[in-house]
Each structure stands twice: as structure tokens, then as C-alpha cells.
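A.B. asks: Below is the structure I would like to discuss, written out as C-alpha cells.
The values are calculated or read from the model by the stated rules, or taken from the named source; none is laboratory data. All of these numbers come straight from a predicted model, not from anything done at the bench. Every residue, glycine among them, receives a Cβ derived from its backbone with ideal geometry; neighbour counts consider all protein chains shown. Remember, those area values only see protein heavy atoms, side chains included, never the ligands or the DNA or RNA. Shrake-Rupley method; radii C 1.70, N 1.55, O 1.52, S 1.80 Å.
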Amino acid sequence: MRFPVVKEEKTKNSFDETAVVESLDYPYPKVQVTALIQIVKGNISNAEVIFKLIELSKCRNEEIHKVFGKDTIGHYSIAALQVLNTYESTKAFKDIMNELEEREQNIIKRIVQNFNM
């Protein structure tokens with residue numbers, strides 16, 4: 001599968017937003033996290049994206065949804081909600097974080113820092 005990439009150009013950033021958002025439905029966490037990175041880079045924060053990120057935030061089983069180490073697609077999705085920084089995404093981020101244990105909160109905080117680099 002060829003994955004759309006954000007291309008830096010002199011006049012604009014161009015990539016297929018629809019393809020990136022659709023990639024969140026792909027059943028492999030590493031493909032999904034690549035899509036999340038593109039969503040954050042492209043600041044794609046429409047209602048469909050926020051909904052999909054909230055749904056993916058539930059995918060935190062380390063055996064099934066593992067991306068790297070103890071990081072899961074759910075952790076990356078929660079971090080993306082924070083980084084997108086819209087009213088809806090920030091509210092969802094806070095609601096989800098309030099329900100998590102400190103260990104998972106720390107994983108997400110680290111991912112947020114990495115997204116912001």
C-alpha cells in the first residue's frame with residue numbers, strides 16, 4: 001500500500017486528506033500511526049477525524065494494538081487529540097485522560113511532546 005505523504009512545497013502543503021483519514025481504518029497500527037502523524041502535520045481536525053480519534057483511543061491493548069514498546073494506537077490517538085488543539089479534540093482529550101491510570105497518562109504526555117517537536 002502506498003501511503004500519501006505531506007509534501008513541503010514553496011507555495012503550499014499538498015496531500016490527499018481523504019486518503020489519510022481513510023488510512024485510520026486500515027487494520028494495522030503502524031499504518032494508523034503514520035496516518036496520525038500526517039493528520040497532526042496537516043492539522044486535519046474536522047469532525048470525522050475527531051470521531052475516529054476518539055474511537056481509536058479505545059485501542060490500548062498492548063498485545064493487539066501495539067505500535068512501539070508499550071505504546072499503542074490508542075495512546076497515539078489520544079495524543080493527537082491534544083495536539084490538534086480544537087475545542088472538541090481538547091475536550092475529548094481531557095475526558096479520556098481523566099479516566100486513565102498515571103502510567104498511561106505518562107505515555108501519552110511523552111507522545112504529545114514528540115508530536116510537538
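A.B. asks: How do the pairs read when you match residues in the range 93-112 that are in contact (Cβ under 8 Å) with a residue 40 or more places away in the chain with residues anywhere that are part of a loop (DSSP other than H, G, I, E, B) and open to solvent by less than 20 Å² (accessible area, probe 1.4 Å), using Cβ under 9 Å and keeping only pairs 6 or more apart or on different chains?
C.D. replies: Cβ pairs passing all conditions: ILE96/SER57.
A.B. asks: Further question: Of everything in the range 89-106, what is touching a Leu at 6+ places or on another chain (Cβ under 9 Å) and within 23 Å of THR34 (Cβ to Cβ)? Give them in sequence order.
C.D. replies: SER89, ALA92, PHE93, ILE96
A.B. asks: For the range 56-84, enumerate the residues that are open to solvent by 20 Å² or more (accessible area, probe 1.4 Å), touching a residue at least 24 places away in the same chain (Cβ under 8 Å) and either within 21 Å of SER45 (Cβ to Cβ) or not in a loop (DSSP other than H, G, I, E, B) (or both). First the steps, then the outcome.
C.D. replies: Kept after step one, since they are open to solvent by 20 Å² or more (accessible area, probe 1.4 Å), are these residues of the range 56-84: 58-66, 68-70, 76, 82-83.
Okay, now just the ones that are also touching a residue at least 24 places away in the same chain (Cβ under 8 Å), so 59-60, 65-66, 70, 76, 82-83.
Selection gives CYS59, LYS66, TYR76, GLN82, VAL83.
A.B. asks: Inside the range 1-43, can you point out the residues that are open to solvent by less than 90 Å² (accessible area, probe 1.4 Å), farther than 21 Å from CYS59 by Cβ and modelled with pLDDT of 90 or more?
C.D. replies: The answer is GLY42, and nothing else.
A.B. asks: Still on this model: Given the structure, is LYS70 within 17 Å of GLU99 (Cα to Cα) and among the charged types (D, E, K, R)?
C.D. replies: Values: within 17 Å of GLU99 (Cα to Cα): no; among the charged types (D, E, K, R): yes.
So LYS70 fails the test.
A.B. asks: Restricting to the range 100-114, count the residues that are open to solvent by 40 Å² or more (accessible area, probe 1.4 Å) and either in contact with a strand residue (DSSP E or B) (Cβ under 6 Å, 6 or more places away or on another chain) or within 13 Å of VAL40 (Cα to Cα) (or both).
C.D. replies: Here is the first cut: in the range 100-114, the ones open to solvent by 40 Å² or more (accessible area, probe 1.4 Å) are 101-103, 105-106, 109-110, 113-114.
Restricting the remaining residues to those that are either in contact with a strand residue (DSSP E or B) (Cβ under 6 Å, 6 or more places away or on another chain) or within 13 Å of VAL40 (Cα to Cα) (or both) gives 113-114.
The total comes to 2.
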